[in-house]
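Peer 1: Pasting a structure below so you can have a look.
The values are calculated or read from the model by the stated rules, or taken from the named source; none is laboratory data. Since we're looking at a predicted model, the values are computed, not measured. Every residue, glycine as well, gets a Cβ built from its backbone with ideal geometry; the counts of neighbours run over all protein chains shown.
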Amino acid sequence: MSFSKLFFTIFFHFLIFSTVNSIDDSDISIDPNGYLLYCPCMGRFGNQAEQFLGTLQFAKSIDRTLILPPFIEYVDYKVTFQPFENIFEIDHINEYHRVMTMNDFLKKLSPLIWKHENRSITCYDSRHFSTNNNNKKEGCNPFEGSPFKEFWHHLGVQEFPLGSLYYKPLHTDYNYANDWRQKFRNVTVLALVGAPSSFPTNSAAVKLSKYIYFTKNIMEKANKYRMDRGFGQKPYLAVHLRHGIDWIRACELIHSNPDLKQLFSSQQCLGDKDKQHRWLNNRITFDLCYPSFEQIIDGIKSSIQSYNNQDEVKRNEKQPIQHIYIATDLNNESMWLDLNQTLAKHFSSSSSTLTLITPTLTLNTIDGTFSEYKKPSPHFLIDLYLLSHSNSFIGNCISSFSAFITRYRLYRLHFFHTTHFFSFHRPNSVHLRDEL
């Protein structure tokens, strides 16, 4: 290296570090290994949360600090953003690998190491959105499509002056870590147009759910809602019920593809290619995706009986489950009335009553009475917390939202025996090894 280049390098690093030290309230130093930034632009919360685990694993493998993106929400058909740190605690994730909030990065480091003129965007290969060959632009085209454009603009990024970088033929897999480190060793902030993780993510990344902790704010809001609905401090069965029209259309893919091996998060029930064995002969059945009314009743009945037959409950050391909390994508009040009436018949010999808590109704199985809950339905994060921390849970094998809850219960809380699925009876050997 020539003397002039050496002098410039030393001066540049001196300038950066002296500037960092001059930032008010800054306890952040620059990571010499660089940073990883990405757009969580695939699907809703369940998909984004699953790809986050794969991305966290990937960031550790290439030894870059992961910049935590906001979660993307769709409210009244508009793209909105929820800061990561508003939902999950950062300190616990840092126990596994270095992470920092997007807000800290943009305010404290971006002016130093990711200035406008130094920005590039990375993708596998050129992405084309125009059907007109004359209008096709080569490059990652990070502002094409929603929510890509909204995401980068939310960060204050209007363009990437250094253009596009491609990681082809590499894959976003920790097995390619050395190749990634070598290929992008001169890129301080590696900004990716999408999450560097497969969907569904690999089974090793799933176990990182043990580092996921809800914030105190989410916990307090969920517990307040629980008190408002009348089941605070009481054991409850939580049910995640997908039966909206969009979900039904997705489930119909099973009818048109009878040999389908994987759909959304089906691996949480059937296993995946990383497992030595799969179950049900690899087949995804329609019932796994869209259980019938009878199967919903059977699932609720079986889960409650399983919990209430525990020795601790029989000895009155634990209260039995008498409340059922339903989180759903379709608030079908006529279905809740039918559900309440049918459960009343199944539990007619029980000395205690069951109470169904739906988004807008609270129903009593003994006398069939119900009351309306006239406040707005809870934010989905309240549902997420209450489903995750329930005494017993029934989820949907195909749903990525259910998959988040399942992972959290298995690896964070170790609630294996009280985590169930509609229309699927998981062998006891499955996941037990993973839980240890």
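Peer 1: Please go through (1) on the phi < 0 side of the Ramachandran plot; (2) at pLDDT below 95 for residue 47 and return the number of the only condition it doesn't satisfy.
Peer 2: In the conditions (1) on the phi < 0 side of the Ramachandran plot; (2) at pLDDT below 95, residue 47 misses (2) alone.
Peer 1: Can you say whether residue 382 is buried (at least 16 other Cβ atoms within 10 Å of the Cβ), in the same structural domain as residue 219 (by TED's automatic domain parsing), in contact (Cβ under 8 Å) with a residue 40 or more places away in the chain and not in a helix (DSSP H, G or I), as far as the supplied structure shows?
Peer 2: No; evaluated as a whole, the condition is false for this residue.
Peer 1: So, one more: Being within 21 Å of residue 33 (Cα to Cα), crowded, with 16+ Cβ neighbours inside 10 Å and within 24 Å of the chain's Cα centre (by Cα) is the filter here, so list the residues in the stretch 148-175 that pass it.
Peer 2: 172, 173, 174
Peer 1: Which condition number does residue 138 fail, the rest of (1) surrounded by 13 or more Cβ atoms within 10 Å (Cβ to Cβ); (2) over 24 Å from residue 72 (Cα atoms) being met?
Peer 2: (1)
Peer 1: Continuing with the same structure: Across the stretch 182-217, what is the total count of residues that are assigned to a helix (DSSP H, G or I) and either touching an Asp or Glu at 6+ places or on another chain (Cβ under 7 Å) or surrounded by 19 or more Cβ atoms within 10 Å (Cβ to Cβ) (or both)?
Peer 2: Qualifying residue count for the region: 7.
Peer 1: Within the stretch 58-96, track down each residue that is buried (at least 18 other Cβ atoms within 10 Å of the Cβ) and part of a loop (DSSP other than H, G, I, E, B).
Peer 2: Within the stretch 58-96, 64, 69, 70, 87 meet the criteria.
Peer 1: If you go through the stretch 161-188 one residue at a time, how many are touching a helix residue (DSSP H, G or I) at 6+ places or on another chain (Cβ under 7 Å), among the aliphatic types (A, V, I, L, M) and either more than 24 Å from residue 113 (Cβ to Cβ) or touching a residue at least 60 places away in the same chain (Cβ under 8 Å) (or both)?
Peer 2: Qualifying residue count for the region: 1.
Peer 1: Hey, another quick one. State whether the residues of the stretch 346-365 include one that is aromatic (Phe, Trp, Tyr) and part of a strand (DSSP E or B).
Peer 2: Checked the stretch 346-365: no residue is aromatic (Phe, Trp, Tyr) and part of a strand (DSSP E or B).
Peer 1: OK, next. In the stretch 41-50, how many residues are touching a strand residue (DSSP E or B) at 6+ places or on another chain (Cβ under 9 Å) and either of a type in the set (Val, Ile, Thr) or outside any loop (DSSP other than H, G, I, E, B) (or both)?
Peer 2: 3
Peer 1: Suppose we keep only residues that are without any contact (Cβ under 8 Å) to a residue 24 or more places away in the chain and part of a helix (DSSP H, G or I) within the stretch 253-270. Which one would you say is nearest to residue 425 (Cα to Cα)?
Peer 2: 253
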